[in-house]
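The values are calculated or read from the model by the stated rules, or taken from the named source; none is laboratory data. Note that the structure is predicted; figures quoted are calculated from it, not measured. Because the Cβ atoms are built from the backbone with ideal geometry, glycine has one as well, and the counts that use them run over all protein chains shown. Ligands, DNA and RNA are stripped out before the accessible areas are found, and what is left, the full protein with its side chains, is counted by its heavy atoms. Shrake-Rupley method; radii C 1.70, N 1.55, O 1.52, S 1.80 Å.
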Amino acid sequence: MYQFVYQRPGSLPEAVEQSTQAREGLFLAGGMTLIPTMKLRLTAPSNLIDLTDLAELKGIRQEGNAIIVGATTTHAQVVSTPEVRDLLPALAALAESIGDPQVRNRGTIGGSIANADPAADYPAAVVGLGAIVKTNTRTIAGDDFFTGLFETALDPNELIVAVSFPIPQRAAYMKFPNPASRYAIVGVMVSQGNDGVRVAVTGAGPNVFRVPEMEQALAVNFAPEVLEEITVSADELNEDLHASADYRAHLIKVMAKRAVVAAT
Amino acid sequence: MSVTVSITLNGESVSAAVEPSTLLVELIREHFRLTGTHVGCDTSQCGACVVHVNGCSVKSCTLLAVQVEGADISTIESLAKNGRLHPMQQAFKTHHGLQCGFCTPGVIMSALDLIANNPDPSEMEIRNWLEGNLCRCTGYNNIVRAISAGAQAMRG
Ligand SMILES: Cc1cc2nc3c(=O)[nH]c(=O)nc-3n(C[C@H](O)[C@H](O)[C@H](O)COP(=O)(O)OP(=O)(O)OC[C@H]3O[C@@H](n4cnc5c(N)ncnc54)[C@H](O)[C@@H]3O)c2cc1C
Ligand code: FES
Ligand code: FES
């Protein structure tokens, strides 16, 4: 990899300051995406700003009807936190399905959603559970956060602080994993909460998206049969060596039905 | 511009001057000459490089040495004591859990992380846990048997 300056700020303001000062600064969280990308010389930051010591980004807590997950919380911490397992088991199961134990021990929720890989799992939770992303400057609705392939609403030097997940009445995540990496070929989060039913799909398109027809049908009757009649169009879905667009369209319905069954 | 990194490595306090881009596995193998930790893929896939950082298993090819400043690192070399194999190493020998042995240090360090949290894992739990460890020789069956037997020996 190319050389860079390594910085390890002790506070949130210091991190933002260092990033603003840098010619081309990047935040480093778990490094599970960034370090492989740097090794391949696909990215060459002038400064790496390590978020490890920022207390503001750590920990999981319950606040009213929401679970707040700090940006540097690892996937393994999400899996093992009792509040998440009890109140948001769909999120714990999603985190447990990511990669392998060593990736889960380092990779973080903030890094995953900032990276916005089309096949990543967490985007389905952020949109499918109607989460809110808190940054150092504002709050961004989950629905507005993912804007395209590897693109988000984050401004340069903007830092994710936490993600706030409202606790749903019921929810489940089902994915058809790539057998090698366990990234989602198609993953579907279905939830029913105070703001209605949500169906969010990852892995199938350039970024996570909702399926309004399914949401409307499930709002009337939360049962897998109601999805039977809905056709998912393959237009604009991803096509690669793992799955054709048609197969992904098919999988969306299968995974959505399984998620409805698991959530009931 | 080199940076000094101080860590506890297999129980000893050590430090080294490294470039920020130096990987943890390079620090372990090239600076401290502990070559039991292997590099298989160098792309975060194979798990040959697994070591423990503060008790958690991680891929040392995907961590910068500077990130582990102050941490407690254990490698495969920490296991055998006074020429006696650790029960998990012994189980791999007894159950033919290795052929070429390239993947073995990473598999064993990964397995010990599982057993620290789950002393009596089922066969399925062991197989799922090994998602991040690739073995091109054994077909995994004897690895799974060895981990089961090693866990049993460790429970005593
Ligand atoms: C072998 C392997 C298998 C994997 N399998 C899966 C899988 O099945 N499903 C899945 O979803 N993912 C998978 N991943 C990806 C993994 O979940 C990563 O942990 C994650 O995508 C990135 O998180 P990180 O903390 O490692 O981020 P980093 O690599 O440190 O950073 C990624 C990007 O996010 C930015 N960033 C990090 N934190 C913040 C923040 N707080 N605010 C703003 N920007 C930030 C960084 O600047 C960088 O651009 C896999 C990775 C590997 C290596
Ligand atoms: S060498 Fe680190 S995962 Fe293969
Ligand atoms: S024993 Fe040869 S790779 Fe596992």
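Evaluation of B:VAL3 against the conditions (1) within 14 Å of ligand 2 (Cβ to nearest atom); (2) in contact (Cβ under 8 Å) with a residue 24 or more places away in the chain shows that the sole unmet condition is (1).
Could we say that B:ALA116 is more than 14 Å from chain A (Cβ to nearest Cβ) and away from ligand 3 (no atom under 16 Å from the Cβ) here? Considered against the rule, which asks whether it is more than 14 Å from chain A (Cβ to nearest Cβ) and away from ligand 3 (no atom under 16 Å from the Cβ), B:ALA116 comes out as no.
Per the conditions (1) open to solvent by 70 Å² or more (accessible area, probe 1.4 Å); (2) within 14 Å of chain A (Cβ to nearest Cβ), the sole criterion not satisfied by B:PRO121 is (1).
The requirement of being surrounded by fewer than 18 Cβ atoms within 10 Å (Cβ to Cβ), over 22 Å from A:GLU239 (Cα atoms) and touching a helix residue (DSSP H, G or I) at 6+ places or on another chain (Cβ under 9 Å) is satisfied by A:ALA153.
The criterion of at least 1 residues that are surrounded by fewer than 16 Cβ atoms within 10 Å (Cβ to Cβ) is met, among strands (runs of 3 or more DSSP E) falling completely within segment B:1-118, by B:3-9, B:12-18, B:72-74.
None of B:VAL25, B:VAL14, B:VAL53 is touching a residue at least 12 places away in the same chain (Cβ under 8 Å) and either out of contact with any Ser or Thr (no Cβ under 8 Å at 6 or more places or on another chain) or within 11 Å of chain A (Cβ to nearest Cβ) (or both) except B:VAL53.
Taking segment A:3-36, which residues are crowded, with 16+ Cβ neighbours inside 10 Å and in a helix (DSSP H, G or I)?
A:LEU12, A:ALA15, A:VAL16, A:GLN18, A:SER19, A:LEU34, A:ILE35, A:PRO36 - these are the residues of segment A:3-36 that are crowded, with 16+ Cβ neighbours inside 10 Å and in a helix (DSSP H, G or I).
Taking the listed residues B:THR8, B:THR35, the one that is under 19 Å from B:CYS100 (Cβ atoms) and away from ligand 3 (no atom under 16 Å from the Cβ) is B:THR35, with no other qualifying. The single condition from (1) under 22 Å from A:ALA259 (Cβ atoms); (2) within 14 Å of another protein chain (Cβ to nearest Cβ); (3) in contact with a Gly (Cβ under 6 Å, 6 or more places away or on another chain) that A:ALA93 fails is (3). Selection of segment B:124-148 for residues being within 16 Å of ligand 2 (Cβ to nearest atom) and open to solvent by 80 Å² or more (accessible area, probe 1.4 Å) yields only B:ARG136. Selection of helices (runs of 4 or more DSSP H) fully inside segment A:77-146 by the criterion of at least 1 residues being over 19 Å from A:ASP195 (Cα atoms) and not basic (Lys, Arg) returns A:82-87, A:89-96, A:101-106, A:109-115, A:122-128. Hey, could you check segment B:44-71 for residues that are over 19 Å from A:THR74 (Cα atoms) and within 16 Å of ligand 3 (Cβ to nearest atom) and say which is farthest from the chain's Cα centre (by Cα)? Once the filter is applied, the top-ranked residue is B:CYS46.
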